[in-house]
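Read the structure below first, then the notes.
Please treat every number below as a calculation from the coordinates, not as lab data. Computed from a prediction, not measured in an experiment: that's the story for all the values here. All Cβ positions, glycine included, derive from the backbone under ideal geometry; neighbour counts span all protein chains shown.
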Amino acid sequence: MHIDRLEKYWIVIVAAVLGAFFASLLAAMLVFGLRLPSLPAEFVNPLALSETRFASPGLRDMGDGNYELTLTSLMWRFNTGSSERDADGNDIIRVPRGSRVTFFVTSADVTHGLMVERHNLNIQVIPGHVGRGTIVFNEPGEYKILCHEYCGAGHHRMHATIIVE
Ligand code: CUA
């Protein structure tokens, strides 16, 4: 079969580009630990959160450095159950260095987002869905929990802070 010289070049170029895309996907997965969003951990009735674990949000010590943080997203704050607030009235949570924190989050109203600064956690917070994700805090410091989904007039102010001590 005869293949024109220019056609061969294009086959090689296309194969190289596809190979580069595939390699970048593999690198994102294997080197940076990125994963596709998983299914919601649970479903809840967003109109009856008072009958679920979200009735009493908060940080629970599960032992051996493991914590569970149950929190609710609402216009426009994260309710983490913490009584400590920053100057703007946003929640502050404190965990010891090396803590392994599993987040359980849902929305009380509209779709929000949840990401933790400088850590690999990014959850879309959808009413009725319970998002779950785990991070280990190895470096002491202050990390913002940010809403990354536009959710109305107060979206840009919506955050909480995790302090790793
Ligand atoms: Cu909540 Cu943006």
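Just a few scattered comments:
- Sparse packing (at most 16 other Cβ atoms within 10 Å of the Cβ) combined with a DSSP loop state is found for the following GluC sites (Glu not before Pro) in the range 117-154: Glu117.
- The GluC sites (Glu not before Pro) of the range 26-80 include none that meets both conditions, a loop assignment by DSSP and at most 15 other Cβ atoms within 10 Å of the site Cβ.
- Sparse-neighbour loop sites [chymotrypsin sites (Phe, Trp or Tyr not before Pro); the range 91-165; at most 13 other C-beta within 10 Å; DSSP]: Tyr150
- Angle between the chain longest axis and helix 5-30 axis [Cα atoms, degrees, rounded to 10]: 20 degrees
- Summary value for the chain: 21 percent relative contact order, contacts being C-alpha pairs under 8 angstrom separated by 6+ residues.
- The Stokes-Einstein estimate for the range 42-164, based on a Kirkwood radius over Cα pairs and taken at 25 °C with 0.890 mPa s viscosity, is a diffusion coefficient of 172 µm²/s.
- Cα pair count fraction exceeding 18 Å, expressed as % - the range 1-56: 66 percent
- Long-range amide H partners of His159 with built H, under 5 Å: Phe78
- One way to sum up the overall shape of the range 1-102 is the equivalent ellipsoid from its Cα gyration tensor, whose semi-axes run 49, 18, 14 Å, largest first.
- Long-range amide H partners of Glu42 with built H, under 5 Å: Val130
- Helix-only mean residue ellipticity at 222 nm for the chain, each DSSP H run of n ≥ 4 adding -39500 (n - 2.57), per residue, nearest 500: -5500 deg cm²/dmol
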